[in-house]
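Participant: Got a structure here, written out as structure tokens. Questions coming.
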Amino acid sequence: MALPSEVLWNRDPHTEAKHAMLAEYLKAWFPIMASSWASTGITYVDAFAGPGEYTDGGWGSPVIALRAATAPGVSGHETELRMVFIEERADRLDHLTGLIERCQLSSHRTKLTTVNARCQESLLPVLEAAGAWGGPMFVNLDGWGVDTPYAIVERVGKNRSSEVLVTVQTQWFTRFASLDDVTAGDLVFGSTDWRAVADLPTESKKSFLVSHYLARLADAGFPHTLTFEMVDEGGHELLLVFGTTSSLGVDKMKNAMWSVDKVNGQRFRDPRDVNQLSFEVVNNNPDLTLLRRQIMDLLDGGERSLAALKDHALLQTVFKKTHVDPAVRQLADEGRVERTSAKSHEGVVVRLAPVALF
């Protein structure tokens, strides 16, 4: 997508799907955090805030967040809600602040901070001034390519119970793979280790870069990550990377992701999959082809309990725990795996069937 020059612009299919997912996630995040962190308050950050709406009338992420923050299940808690919006263009920030006032989106519980500046230089001092450190935060880093220095992600990761959602234009990773912009790559990855991509075959470059970025998120303090690509009908790609300290956060984000049913022809895929198998995200009769293959690969290293397969699906794939049961049943019906019977998932053992070894 070309960078828009207008104050408002058309919302592309990727953005619509991404915002539907964000809205669903924040409906869970705000109530959970507001009920548990009254002593410190909580912070939502839009580091590339934009004007708050699109020409088709769709809401931007700051408005989506404010609507979630002022919902009845949140406003009843005695918790300060710090909403931080950073936008480099003054005309877009003016439009956003005017929109917030017209729509009466703030409440006595919300402490609103709007800043006309670049995220790269201003985000950390703005969070300091807002009193955000020490309480949980959700930082939405929805830039126009690869705009987020690793130093920012790392500092947020040192703050307890914080999460980041990083938007990456996939073609920027492709550019790094050709080593055309070493300085930008060093800034994003926070080291020079990523440059090993130059020695890899072309088909492995993107998978390597994504895996390396997830490892850097773990180094920054986000042990749990979720990453997936949205692919529209035109083949345009957008990579989303979510980092959290909580497996519950991964579970809630996956629920939000899988709630986006066929938004304008969106398909999803795991960018670490070298075969680039894409699938529709639908709650009824989901395509489990990739998960089935991942389970078979895992079982090739030895039998696993059903509980272990569910944990693996949650933390290492784009699928939910609830997808494992039907995937294993399908594999068992085909004679590719065997499963024992037990009262608990911990007691159920799944292994490759003898025929699957040949």
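All of the numbers you see were taken from the coordinates with simple rules; none came from a lab. Treat the numbers as computed from the prediction; the structure is a model and nothing was measured. Virtual Cβ from ideal backbone geometry, glycine too; neighbours counted across all protein chains shown.
Participant: Residue 141: net charge of surrounding residues, Cβ under 10 Å, Lys/Arg +1, Asp/Glu -1, itself excluded?
Facilitator: Values: positive: none; negative: 46, 142, 147.
In short, -3.
Participant: Rounded to the nearest 500 deg cm²/dmol, what is the calculated helix-only ellipticity per residue at 222 nm for the chain, with -39500 (n - 2.57) per DSSP H run of length n ≥ 4? If you can, show how the numbers build up before the last one.
Facilitator: On the way: 13 runs with 149 residues, N = 358.
Rounded to the nearest 500, it is -13000 deg cm²/dmol.
Participant: Would you work out if region 188-274 is rounded, prolate or oblate? Take a ≥ b ≥ c from the square roots of the eigenvalues of the alpha-carbon gyration tensor; rounded if a/c is under 1.5, else prolate when a/b is larger than b/c, oblate otherwise.
Facilitator: On the way: a/c = 2.90, a/b = 1.20, b/c = 2.41.
Note, shape of region 188-274 comes out oblate.
Participant: Give me P(r) over region 289-357, computed from all C-alpha to C-alpha distances, binned every 5 Å, as integer percentages.
Facilitator: Here the calculated profile for region 289-357 is 3, 19, 33, 28, 14, 2.
Participant: Report, to the nearest 10°, how far helix 90-103 tilts away from the longest principal axis of the Cα atoms in the chain, using its own Cα long axis and a range of 0 to 90°.
Facilitator: Value to nearest ten degrees: 90.
Participant: Applying the Karplus parametrisation 6.51 cos²θ - 1.76 cosθ + 1.60 with θ = phi - 60° to the phi angles of region 228-238, what ³J(HN,Hα) value in whole Hz is obtained for each residue in order, glycine and proline being reported as x?
Facilitator: 7, 9, 9, 10, 8, 5, x, x, 6, 10, 9
Participant: Quick check on the exposure proxy: order 158, 320, 111, 18 from fewest to most C-beta atoms within 10 angstrom. Mind showing how you got there, number by number?
Facilitator: Working: 158 10, 320 19, 111 16, 18 24.
Listing 158, 320, 111, 18 from fewest to most nearby Cβ atoms yields 158, 111, 320, 18.
Participant: Relative to the first principal axis of the alpha-carbon coordinates of the chain, what is the inclination of helix 289-299, with its axis defined by its Cα atoms, in degrees from 0 to 90 and to the nearest 10?
Facilitator: Between the helix axis and the principal axis of the chain, the angle is about 60 degrees.
Participant: Further question on the same structure: Taking H as built 1.01 Å from N, whose amide H comes closer than 5 Å to the amide H of residue 137, not counting residues under 5 places away?
Facilitator: Under 5 Å from the amide H of residue 137: 43, 162, 163.
Participant: Which cross-chain or sequence-distant (5 or more) residues have an amide H under 5 Å from the amide H of residue 272, H modelled 1.01 Å from N in plane?
Facilitator: Distant-sequence amide H within range of residue 272: zero hits.
Participant: Next question. For the chain, just say rounded, prolate or oblate: build the C-alpha gyration tensor, square-root its eigenvalues into a ≥ b ≥ c, call rounded for a/c under 1.5, and beyond that prolate if a/b exceeds b/c, oblate if not. Let's see the in-between values first.
Facilitator: Working: a/c = 1.84, a/b = 1.49, b/c = 1.23.
It comes out prolate by the Cα gyration axes.
Participant: Give the angle, between 0 and 90 degrees and rounded to the nearest 10, that separates the Cα long axis of helix 119-130 from the longest principal axis of the Cα atoms of the chain.
Facilitator: Once rounded, the angle reads 70 degrees.
Participant: Would you pull out the residues with amide H under 5 Å of residue 222's amide H, same chain only if 5 or more places away, H placed 1.01 Å from N?
Facilitator: When sequence neighbours closer than 5 places are left aside, there are no close amide H contacts.
Participant: Rg and Dmax in Å for region 60-194, alpha carbons only: what are they?
Facilitator: Calculated on Cα positions, Rg and Dmax stand at 16.6, 52 Å.
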